[in-house]
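So the structure is just underneath, and the comments pick up after that.
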Amino acid sequence: MVLGTYKQIVQARATDKQIQKISQDGGIATGLLCFALDEKLIDGAVVAGPSDEMWKPEPTVALTSDEILAAAGTKYTLSPNMWMLKEAVRQYGLEKAGIVTIPCQTMGLRKMQSYPIGVRFVADKVALDIGIFCTENFPFESLKTFISAKAGVDFELVEKMDIGKGKFWVHTADDLISFPIKETHGYEQNGCKVCLDLVSELSDVSTGSIGAPDGWSTVMTRTESGETIFSKAVDAGVIETTAINEGKFGLEMLTKLATSKKEKAMKEIDRRKELGLPVPYKASNEKEDPLANV
Amino acid sequence: MLARIKEFLGMEAKPKEVASEQEVEKVAEEEKAKPRIGYVHLSGCTGDVMSLSENYDILAPLLTEMVDIVYGQTLADVWEMPEMDLVLIEGSVCLQDDHSMHELMEAREKAGLVVAFGSCAATGCFTRYSRGGQQANPNHESFVPIGDLIKVDLAMPGCPPSPEIIAKTVVAVINGDMDYLQPMMDLVGYTEACGCDLQLKVVNQALCIGCGTCAMSCPTRAVGMTNGRPEVNSDRCVKCGVCYIQCPRSWWPAERIKQDLGL
């Protein structure tokens, strides 16, 4: 099951016009967090907020809708959100914390919840984990290289970055520049190369652009609590849904990309094991489903 | 009662587990010989037993009804160490302290299972910094994890181990849930811990993904994140090993996580 266990898979977007305007795709993470905050299902959330430096995110505890909106949109570089989780619980006193995580962060979160070896009373305070689809992530210097050297754009002028249709897109106020995603290869962080998870298989709700038309996101609800919160948001009209496109640019595309990420990672895992390097995952001949995230 | 504890901990919440829970309760209620537990306190700050005691509200019935605490400085009024099924050992052992050395060896002899309870016992933790030359005995200089001297069956590091992991482990021991305990058996071999393991065993091995779990779990805020990589302030590191143990790239309990999430 390359997409992990899920309850439902739909195409969705936030109905709020402001969220649509500032969010990356369907604004699911932003919309769902704002809704959960309004409904007191969470009392704050750890998000990749803005820092002093353009396009360099900083893990931030958002306590208001405005702070969540300020973190909308994808930054294609590292934001160690798990770092702020203890802060959110201890310093900010959150009893029901939300958090946005990419798959590797989701894995850190879930391991900490099942084995909270050195982390006191944080595991039980996480009420909602929104997992974002992720093919790979880039160190900040890699990102700078793409923008300045490959796209030839001043960092300050960039309004949005996007990956889609095989290309890396850079939006400025009056220009749209792209270069093939292949040119980013070699710039991704090394840890991503053994990652078996594109779709945040262990999140409460996972979402991302892959498989959805422009302005929409694909959403999978996975846990009971994820399904409940998402359904409430849909019932409240905060999020609208349509059936997933089963075809080539929908579910097929998502399945294809998730599979190819897993296959590439398995090759690298097997290679590293042969070299005697440590990898926390099983080799392909050690597991029943060679693509399982184990 | 066990079901209540499990519910509190969110363990095995799935309905299909109900049958086995009932079985376990039945076993618990039968007046079989209760496991005899001992507690030995060597060189540590007593934080580990305090963390254990934070569970008294949920574990009190379990600790009183389901096990017999047969030995321990503050827990049982006995001088002679009896035979025990399981002994929790808190603290590292001082090589110059004959009394501690003797108690450790005796505990190994008299206990079926030895648990290195807390990071001092498991990795040496902050006692690794001892250089002797202090009162009450300037000669007490060399402190090592108990695994350096005796065979350890289970390691539960942490400075201190969280109340939740203690409770989860107790439930797993009573249920004979070896799958849950496996990582803690594997951790027995992890006796030389340091914040620098993040660099040596994760970053150097091309495994770090900058998630920040290490920095979150550090009990002394010795770990920060710079440019998406852990940066350890060695002046603050107590060598408890928790950062590396919580790292999703050190070991990966996939099956258990899915079970816990109902996926």
Query raised in the report: Taking a quarter of the surface of the Cα convex hull of the stretch B:197-261, what do you get in nm²?
Result: 4.7 nm²
Query raised in the report: Counting DSSP beta bridges in chain A, what percent are antiparallel, to the nearest 5?
Result: 70 percent
**Report entry** For the protein assembly as shown, share of DSSP beta bridges that run antiparallel, in % to the nearest 5
**Finding:** 55 percent
Query raised in the report: Can you give me the pair-distance distribution of chain B, C-alpha pairs, 5 Å bins, whole percents?
Result: 1, 6, 12, 16, 17, 16, 13, 9, 6, 3, 1, 0
Query raised in the report: ³J(HN,Hα) across the stretch B:51-56 via Karplus (A = 6.51, B = -1.76, C = 1.60, θ = phi - 60°), whole Hz, x for Gly/Pro?
Result: 5, 4, 5, 5, 8, 4
**Report entry** DSSP bridge orientation in chain B - percent antiparallel, rounded to nearest 5
**Finding:** 30 percent
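What's the magnitude of the charge dipole for the stretch A:138-187 around its Cα centre, counting Lys and Arg as +1 and Asp and Glu as -1 at the beta-carbon? Answer in Debye, nearest 20.
With Lys and Arg at +1 and Asp and Glu at -1, about 320 debye.
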Query raised in the report: Given H placed 1.01 Å from N in the peptide plane, which residues other than close sequence neighbours of residue A:102 have an amide H under 5 Å from its amide H?
Result: A:132
Requested in this report: Please work out the FRET efficiency for the pair residue A:264 and residue B:56, using the Cβ-Cβ distance as r and a Förster radius of 45 Å; give the result to the nearest 0.05.
Outcome: 0.35
Query raised in the report: With springs only between Cα atoms under 10 Å, which of B:165, B:209, B:37 fluctuates most in a Gaussian network model of chain B?
Result: B:209
Query raised in the report: Hey, what's the per residue convex hull volume over the C-alpha atoms of the stretch A:126-229, in cubic angstrom?
Result: 137 Å³
Report summary line: As straight-line cross-link partners of residue B:34, the qualifying aspartates and glutamates (C-alpha separation under 19 Å, not fewer than 8 residues apart within one chain) are B:21, B:23, B:25, B:65, B:68, B:77, B:83, B:85, B:177
**Report entry** Interchain or long-range residues, amide H under 5 Å from residue B:84's placed H
**Finding:** B:111, B:112
Query raised in the report: Taking a quarter of the surface of the convex hull around the Cα atoms of the protein assembly as shown, what do you get in nm²?
Result: 27.0 nm²
Requested in this report: Just add up the charged neighbours of residue A:58: K/R +1, D/E -1, any other residue whose Cβ is under 14 Å from the Cβ of residue A:58.
Outcome: -2
**Report entry** Euclidean distance between Cα centres, the stretch B:131-178 to the stretch A:141-156, Å
**Finding:** 50 Å
Query raised in the report: Which one of B:253, B:224, B:78 has its Cα pushed farthest toward the positive end of the charge dipole of chain B, where Lys and Arg give +1 and Asp and Glu give -1 at the Cβ?
Result: B:224
Report summary line: residue A:215 neighbourhood, Cβ < 15 Å, K/R = +1, D/E = -1, net charge 0
Query raised in the report: Ranked from highest to lowest mean number of other Cβ atoms within 10 Å per residue, what is the order of the peptides A:145-152, A:213-220?
Result: A:213-220, A:145-152
Query raised in the report: For the protein assembly as shown, what does -39500 (n - 2.57) per DSSP helix run (n ≥ 4), summed and divided by total residues, give at 222 nm, in deg cm²/dmol to the nearest 500?
Result: -9000 deg cm²/dmol
**Report entry** Under 5 Å, built H, 5+ apart or other chain: amide partners of residue A:118
**Finding:** B:162
Query raised in the report: Treating the beta-carbon of each Lys and Arg as +1 and of each Asp and Glu as -1, no other charges, what is the dipole magnitude of chain B about its Cα centre, to the nearest 20 debye?
Result: 1160 debye
Requested in this report: Output the relative contact order of chain A, whole-number percent, from Cα pairs under 8 angstrom with separation of 6+ residues.
Outcome: 23 percent
Report summary line: Answer in debye to the nearest 20: the dipole magnitude of the protein assembly as shown about its Cα centre, from +1 Lys/Arg and -1 Asp/Glu charges placed on Cβ, is 1620 debye
Query raised in the report: Measuring from a point 7 Å past the Cα of residue A:39 along Cα-to-C-beta, which residues in the stretch A:233-265 have an amide N at less than 15 Å?
Result: A:233-241
Report summary line: Inter-part gap, Cα centre of the stretch A:171-188 to Cα centre of the stretch A:37-114, in whole angstrom, is 27 Å
Report summary line: Going residue by residue through the stretch A:268-284, the Karplus relation 6.51 cos²θ - 1.76 cosθ + 1.60 with θ = phi - 60° gives ³J(HN,Hα) values, rounded to whole Hz and with x marking Gly or Pro, of 5, 4, 4, 4, 5, 5, 5, 6, x, 7, x, 9, x, 9, 6, 6, 4
Query raised in the report: Could you give me the ³J(HN,Hα) list for the stretch A:105-120, computed from phi with Karplus coefficients 6.51, -1.76, 1.60 and θ = phi - 60°, whole Hz, x at Gly and Pro?
Result: 6, 4, 5, x, 4, 5, 5, 5, 6, 6, 10, x, 4, x, 10, 7
Report summary line: Semi-axes a, b, c in Å (a largest) for chain A, each sqrt of 5 times a Cα gyration tensor eigenvalue, come to 26, 25, 21
Requested in this report: Show which aspartates and glutamates lie in cross-link reach of residue A:248 when reach means a straight Cα distance below 17 angstrom and same-chain residues fewer than eight apart are skipped.
Outcome: A:214
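Once you have a ≥ b ≥ c as the square roots of the Cα gyration tensor eigenvalues for the stretch A:138-187, tell me rounded if a/c is under 1.5, and otherwise prolate or oblate according to whether a/b is larger than b/c.
Oblate, because a/c is 1.5 or more while a/b does not exceed b/c.
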Query raised in the report: Build a GNM of chain A with springs between Cα atoms under 10 Å: which of A:64, A:207, A:242 gets the top mean-square fluctuation?
Result: A:242
Query raised in the report: With each label point set 7 Å from Cα along the Cα-Cβ vector, what nm distance links residue A:160 and residue B:185?
Result: 5.4 nm
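No lab work stands behind these numbers, since they all come straight from the coordinates. Not measured: the values here are computed from a predicted model. Because the Cβ atoms are built from the backbone with ideal geometry, glycine has one as well, and the counts that use them run over all protein chains shown.
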